[in-house]
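Notes for the one structure printed next.
The values are calculated or read from the model by the stated rules, or taken from the named source; none is laboratory data. As the structure is a prediction and not an experimental result, all values here were calculated from the model. As a convention, Cβ positions derive from the backbone with ideal geometry for all residues, glycine included, and neighbour counts pool all protein chains shown. Side chains are part of the model used for accessible areas, which takes the heavy atoms of the whole protein and leaves out ligands, DNA and RNA. Shrake-Rupley method; radii C 1.70, N 1.55, O 1.52, S 1.80 Å.
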Amino acid sequence: VFGADLDFESNSWDLTNSINLKALSKQISCVFSDYKTSAGNCKKKFSAMQEPFLSFSKAYIRYMHGLRPALAISHRMIVLRLLDEALSEYGSHNPILISQDVVNRASQLAIENYAHSLAYRIGGQLEVLVGILSSNKMLNNPFQWRNPIKRPSDTQRIGEEADKKREEKMPSQSALEALPQIFRMATRDIHVIVSATTALLLASPDRINEVLRLEEGCEVIRKGKDG
């Protein structure tokens, strides 16, 4: 797996010739950095995981790719980094001491740091890892663990039924046409705020930050050339 000449001792593996990602010209690296390090590629400085979790992580990545080859191994690396961080909070870097508390903490870190859809997939990979360790008697206290992160609703499905569900969530054409009328006719403060916010977001949705963070008394009056 990854070739007989793989430098297992290195903390950055070049997997360009082992993983074929279409339309990707850059080098594919597997960097065994710790949770706190942002590692983009093997040339970048990073802090590696501590032993013995480092050697375990290398063995796990290689073993799992032989068992279940994946084009993107980044999710498995994220799981290992989260587990390493959770273990360190309990004062260890030894994988045999992974417990239910440690895995729960790792899943909590996933929820805190990643989008819900990615956190759900990370939770699934955590479940796989715990299952392998427990079934192979590699833990001091084997246990069963299920991914507690709920599966996100899938809005990317295709087909007639999926199209119908998306259509049901859309406002009617008459409602859309009424919005500018409401904006022009609003006089009460609450109506002005709601209709103005709607108008702003319809024109430029990325300006939600201004809606949420605009301070009271934000208007500034400046004198122009004409006074």
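Stretched out fully, how many nm does the piece from Leu200 to Glu168 gain, at 0.36 nm a residue minus the Cα gap?
Extending this stretch completely gives an extra 9.1 nm.
Among Ser55, Ile28, Gln100, which residue has its Cα positioned farthest towards the positive end of the charge dipole of the chain, with +1 placed on the Cβ of Lys and Arg, -1 on the Cβ of Asp and Glu, and the dipole taken about the Cα centre?
Ile28
Hey, with R₀ at 22 Å, roughly what FRET efficiency would Asp5 and Ala70 work out to, going by the Cβ-Cβ distance, to 0.05?
Calculated transfer efficiency: 0.55.
Relative contact order of the chain, please, whole-number percent, based on alpha carbon pairs below 8 angstrom and at least 6 residues apart.
Once divided by the residue count of the chain, the mean separation gives 11 percent.
So if R0 is 35 Å, what FRET efficiency would Arg213 and Leu179 give, r being the distance between their Cβ atoms, rounded to the nearest 0.05?
Efficiency at R0 = 35 Å is approximately 0.90.
Work out which GluC sites (Glu not before Pro) in the chain are exposed loop sites (DSSP not H, G, I, E or B, at most 15 other Cβ within 10 Å) and give the longest gap free of them.
By the stated rule (loop sites, at most 15 other Cβ atoms within 10 Å), 10-214.
What is the magnitude of the charge dipole of the chain about its Cα centre, with +1 placed on the Cβ of each Lys and Arg, -1 on the Cβ of each Asp and Glu, and no other charges, expressed in debye to the nearest 20?
Here the size comes out at about 280 debye.
Using the Cα gyration tensor of the stretch 143-227, with a ≥ b ≥ c the square roots of its eigenvalues, what is the shape: rounded (a/c below 1.5), prolate (a/b larger than b/c) or oblate (neither)?
Oblate shape, in that a/c is at least 1.5 and b/c is the bigger or equal ratio.
Along Cα→Cβ, 7 Å out, is where each label goes; now give me the distance between the ones at Asn17 and Asn104 in nm to one decimal.
It works out to 4.7 nm between the two label points.
Helix 189-203 against the longest principal axis of the chain: what's the angle in degrees, Cα atoms only, rounded to the nearest 10?
Computed tilt is about 60 degrees.
Which is the longest part of the chain that has none of the chymotrypsin sites (Phe, Trp or Tyr not before Pro) sitting in a DSSP loop with at most 14 other Cβ atoms within 10 Å?
Longest stretch, sites excluded: 144-227.
Rank Leu214, Gln181, Val194 by how far each Cα sits towards the positive end of the charge dipole of the stretch 131-227 (+1 on Lys, Arg Cβ; -1 on Asp, Glu Cβ) and give me just the farthest.
Value: Leu214.
For the stretch 69-155, which trypsin sites (Lys or Arg not before Pro) pass both filters: DSSP loop (anything but H, G, I, E, B) and at most 14 other C-beta atoms within 10 Å?
For trypsin sites (Lys or Arg not before Pro) across the stretch 69-155 that sit outside H, G, I, E and B with at most 14 neighbouring Cβ atoms in 10 Å, the list reads Lys137, Arg146, Lys150.
Quick check: the angle from helix 74-89's long axis to the longest principal axis of the chain, C-alpha only, nearest 10 degrees?
Computed tilt is about 80 degrees.
Leaving out ligands, DNA and RNA, and with a 1.4 Å probe, what % of the accessible surface on the stretch 48-117 is carbon or sulfur?
53 percent
With every protein chain left in place, what is the accessible area per residue of the chain in square angstrom, probe 1.4 Å?
Spelled out: the 1.4 Å probe surface of the chain, per residue, equals 70 Å².
If you plug each phi of the stretch 123-136 into the Karplus form 6.51 cos²θ - 1.76 cosθ + 1.60 with θ = phi - 60°, what whole-Hz ³J(HN,Hα) values come out, in order, with x for Gly and Pro?
The phi angles translate into x, x, 5, 4, 4, 4, 4, 4, x, 5, 5, 5, 5, 9 Hz.
Starting at the first residue of the stretch 94-107, write each ³J(HN,Hα) from the Karplus equation 6.51 cos²θ - 1.76 cosθ + 1.60 with θ = phi - 60°, in whole Hz, x for Gly and Pro.
Those phi angles translate into 9, x, 5, 9, 4, 10, 4, 4, 5, 5, 4, 5, 4, 5 Hz.
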